[in-house]
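In what follows, a structure is listed as structure tokens, so that the remarks can point back to it.
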Amino acid sequence: MTDASADGPSDGSDRTETAARADADDETGFARRLLDSDDETVVLVRDIATVVAVVAIICLGLFAVSGVWPPFVAVESGSMEPNMHKGDMIGLVQADRFAGDDAVAGTGLVTAERGRATGHEQFGHAGDVIVYTPNGDPATTPIIHRVRFWVEAGDNWVADADPAYTDDRSCAEIRSCPAPHDGFITKGDANADYDQLDGKPKTTVVRPDWIVGKAVVRIPWLGTLRLLFESIVGVGTVGVGLLATTASE
């Protein structure tokens, strides 16, 4: 009896390899036909797929750099004038990225108080500008204002504040004083009072985890298109897409 050789022909194996090559050729041919087709429907689908792919790449790149989403906000009021205007588009990064000298530990943010000493300025004044949710409520429109100084839980922060921005009120007259927790006292550059004086926006001391992002770049008026769209449709779209709306009351 003669043993069959292990290297001998195998009709089943050859048929399987031939079928696999045929399937691969069919897939390659189908892809080539899609790429080369002049059919209007195919061209439309191809163009849409290309745009989606490009936008996805851009979005991933922006998120990788900024660490926040959406990475841009449109300013919808004027309390940061003359350093930001209604309709400006503001680019954001995660608060702890690109920290300046003498940032508050664990936050990456330089207050106006510290910025005056170190020379750290953003948007025309000492200190960083942040976007935050008042009282940490995600249902409210975020606010874009400057961090003025840092306080710790139990501090009588009014005693350390600039009296020009406290409306001659004492700690006992302000719900957020003494400070209920560690955080920032904030103010719009054009506003007469701190945000924490129970006026607009109604917020207590801003906790670091309420901060959406840190403002790093301003593009004048480019956010106007977003504001116009929202005024036409009559609803807000905060947090959707590349560009959200942020109030600065």
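Couple of notes before you dig in:
- Normalised by 2.2 N^0.38 Å, with N the number of residues, the alpha-carbon radius of gyration of the range 48-178 equals 1.26.
- Rounded to the nearest 0.05, the FRET efficiency derived from the C-beta distance between VAL52 and HIS181 at R0 = 41 Å is 0.40.
- R0 of 30 Å, Cβ-Cβ distance TRP221-ASP193: FRET efficiency to nearest 0.05: 0.60
- Label-zone membership for the range 110-149, site LYS202, 7 angstrom Cα→C-beta point, backbone N under 17 Å: 133-143
- As a calculated quantity, the FRET efficiency between ASN135 and ASP102 at R0 = 30 Å, using C-beta atoms, amounts to about 0.60.
- Listed peptides 208-214, 70-76 by packing density, highest first (mean Cβ within 10 Å): 70-76, 208-214
Since every read-out is calculated from the coordinates, none of them should be taken as a lab result. Bear in mind the structure is a predicted one, so any value in this text is a computation, not a measurement. Reconstructed Cβ throughout: ideal geometry from the backbone, glycine too, with neighbour counts over all protein chains shown.
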